[in-house]
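Report on the following structure.
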Amino acid sequence: MQSILTINEVHKSFGDLEVLKGVTLSAMRGDVVTLIGSSGSGKSTLLRCINMLEVPNSGTVAIDGEEIALTGRGPDRRPSDANQIRRIRSEIGMVFQSFNLWAHMTVLENVMEAPLRVQKRPERDVRADAEELLDKVGIADKANAFPAQLSGGQQQRAAIARALCIRPKIMLFDEPTSALDPELEIEVLRVIKMLANEGRTMILVTHDMKFAREVADKVVFLHQGRIEEEGTVDAVFSSTQSDRLRQFLRAADHT
């Protein structure tokens with residue numbers, strides 16, 4: 001079976017700070033991969049390199065067997081095919097920490113925007129998809145509300161519906177509950193678990209070790225820009241060979 005995501009020897013620096021130091025990672029269709037590690041370990045940067053919100057200084061990223069074409073070297077590296085980038089980004093759903101909803105649009109308009117404007121799909125089909133997805137994430141009654149009228153948990157569920165409405169091959173989640181109070185966090189985690197149970201391919205950065213244990217097919221522990229350990233939930237959480245990972249998990253258990 002072909003990997004739907006292949007990352008090979010990716011390096012990324014910001015000025016003199018090398019954040020990713022040669023990361024190689026793959027995911028099969030339907031995999032849920034959780035990225036764990038301390039703040040500054042490179043998790044979010046790696047996630048952003050997948051859809052080229054950050055361009056790697058070296059290394060390659062391939063989506064569903066198609067390598068993203070890059071030109072130049074080091075900090076001057078950039079995508080060489082703008083049409084390819086637009087198309088691949090339209091196949092990757094991303095959910096950020098801070099929701100990133102358009103304040104001047106209703107929830108329904110937010111969810112419909114990318115399929116209409118980027119994918120050029122018929123409005124009737126997009127509206128039907130959007131309404132179904134809002135119902136799926138439990139906020140159908142908020143379709144005509146504006147983001148400012150929603151709680152943080154409702155806004156994040158709207159952001160998940162928006163990402164799903166492009167019918168993505170891969171969903172990326174960057175600490176999707178870190179900005180939420182605990183009671184709002186629960187409702188968002190419930191939606192993500194539902195998506196995992198549907199067999200969607202997801203790459204998830206999370207600080208919640210209990211959640212990582214519950215949803216992951218593969219757990220990847222990043223430490224100082226490198227993959228320190230990766231494997232199944234049992235291998236990583238119960239049979240780890242890494243002293244650094246043991247220290248990290250002990251600290252996580254006490255937060």
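The values are calculated or read from the model by the stated rules, or taken from the named source; none is laboratory data. This is a predicted model, so every value here is computed, not measured. Ideal geometry is used to build each Cβ from the backbone, glycine not excepted, and the neighbour counts take in all protein chains shown. Only protein heavy atoms, including side chains, enter the accessible area calculation; ligands, DNA and RNA are left aside. Shrake-Rupley method; radii C 1.70, N 1.55, O 1.52, S 1.80 Å.
For this structure, a couple of remarks:
- All positions within the range 176-201 that are over 23 Å from Thr106 (Cα atoms), open to solvent by 30 Å² or more (accessible area, probe 1.4 Å) and in contact with a Lys or Arg (Cβ under 9 Å, 6 or more places away or on another chain): Met194, Gly199
- Close pairs (7 angstrom Cβ cut-off, 6 or more residues apart or separate chains): assigned to a helix (DSSP H, G or I) in the range 97-115, among the small types (Gly, Ala, Ser) and open to solvent by 10 Å² or more (accessible area, probe 1.4 Å) anywhere: Val107/Ala143; Val107/Ala145; Leu108/Ala143
- Residue in the range 146-157 that is open to solvent by 40 Å² or more (accessible area, probe 1.4 Å), more than 26 Å from Cys49 (Cβ to Cβ) and in contact (Cβ under 8 Å) with a residue 40 or more places away in the chain present: yes
- Residue identified as among the hydroxyl-bearing types (Ser, Thr, Tyr) and either within 18 Å of Lys218 (Cα to Cα) or under 14 Å from the mean Cα position of the chain (by Cα) (or both) among Ser26, Ser39: Ser26
- All positions within the range 202-223 that are among the acidic types (Asp, Glu), surrounded by fewer than 18 Cβ atoms within 10 Å (Cβ to Cβ) and out of contact with any strand residue (DSSP E or B) (no Cβ under 8 Å at 6 or more places or on another chain): Glu214
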